[in-house]
Structure formats: structure tokens, C-alpha cells
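Every number here is computed from the coordinates shown, using simple stated rules; none is lab data. Computed from a prediction, not measured in an experiment: that's the story for all the values here. Glycine also receives a Cβ, built like all others from the backbone with ideal geometry; neighbour counts cover every protein chain displayed.
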Amino acid sequence: MAIDRRHIGVESEPRTVEVEKWHLKFFAKATGETDPVYFDEAAAKSVGHPAIPAPPTFVQALNLAAPAKRGDVFSDIGVDVVRALHAEQRFTHHRPIYAGDFVTLTTVTVDIYEKKGGALEFIVQDTRAVNQFGQLCVEQRGILAVRNS
């Protein structure tokens, strides 16, 4: 079953998430981070951070904490989670995200394409993370592969 290409260009509603210390520490531990700046506020401040910073791929955790309604791969586009495979993830960092920030996420489906005669389809989505000051922090590109029978 082909994914409807009409989803290309669909932009999600903005979702705002508070970045909490416990979430940063949990994510850092789960990803094997060992640098104390990700766990200890004094260590973070000693190297010039105003608070505990987010690890580099943390925006993905924010996406999971506040999934989009419009343009969501599973609930809106209709992909069966059993057929979905994580294909690629890229991050472009513009400024750090810190504990206490309020980050607004907006996601756009930028492409849907197929390979292997339609046996595989790919959904490309870009997410922008902007802090409470309107400053762009991170741009994330995620590509999901969908196996068709």
C-alpha cells in the first residue's frame, strides 16, 4: 500500500515542552554519557553553561515527549508501526538547549519516496526546535523506512 504523497509539505502544530533536569540526566545516562556537565549543575556552570545542557541528540526525546498530531507518521499518515524502521537521523545544532528552557517543536514532512519498486517507502521529516526566546536551537532530520509486502 503506497503512502499518500499528499502528506508532503504538511506542517505539524507547534508543541512546547519544558526541558526538565531529570529528563536530561535520564537521557544522558541512557545514552552512555559520562561527562559530568550532563548530570551536575555545578560542573556545567564551571565550564560556562547557565544550567545543565541537553546532550546532542536530546531533541529526539522531546519529539517523543510531545508527538505531533498533524503529520504524525503513525496516527496521521497511517504507517503501521510493525512495518516501520528507523533509517536515519541528523542534527544541526545552532545553540544549546538547557534545563529550564521551554522548547517549541515544529515538524514538516518534506518528502515521501520509494525504492525497490515500492517494496520500501521513506518518509523524510524535518523538525525545528526553538527556545522560549525565539532562538533556533536544533534542526533535526529523521527518515523512516516503511516495508511493504
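Miscellaneous remarks
- If you look at the Cα atoms of region 1-96, you get an Rg and a Dmax of 16.9, 55 Å.
- Net charge dipole, region 5-147: roughly 280 debye, given to the nearest 20, about the Cα centre with Cβ charges of +1 for Lys and Arg and -1 for Asp and Glu.
- Backbone N under 16 Å from the Arg83 label point (7 Å along Cα→Cβ), restricted to region 5-23: 5-7
- Percent RCO, i.e. relative contact order, over the chain, from Cα pairs under 8 Å lying at least 6 residues apart: 29 percent
- A viscosity of 1.002 mPa s and a temperature of 20 °C, combined with the Kirkwood radius over Cα pairs in Stokes-Einstein, give a translational diffusion coefficient for region 76-149 of 156 µm²/s.
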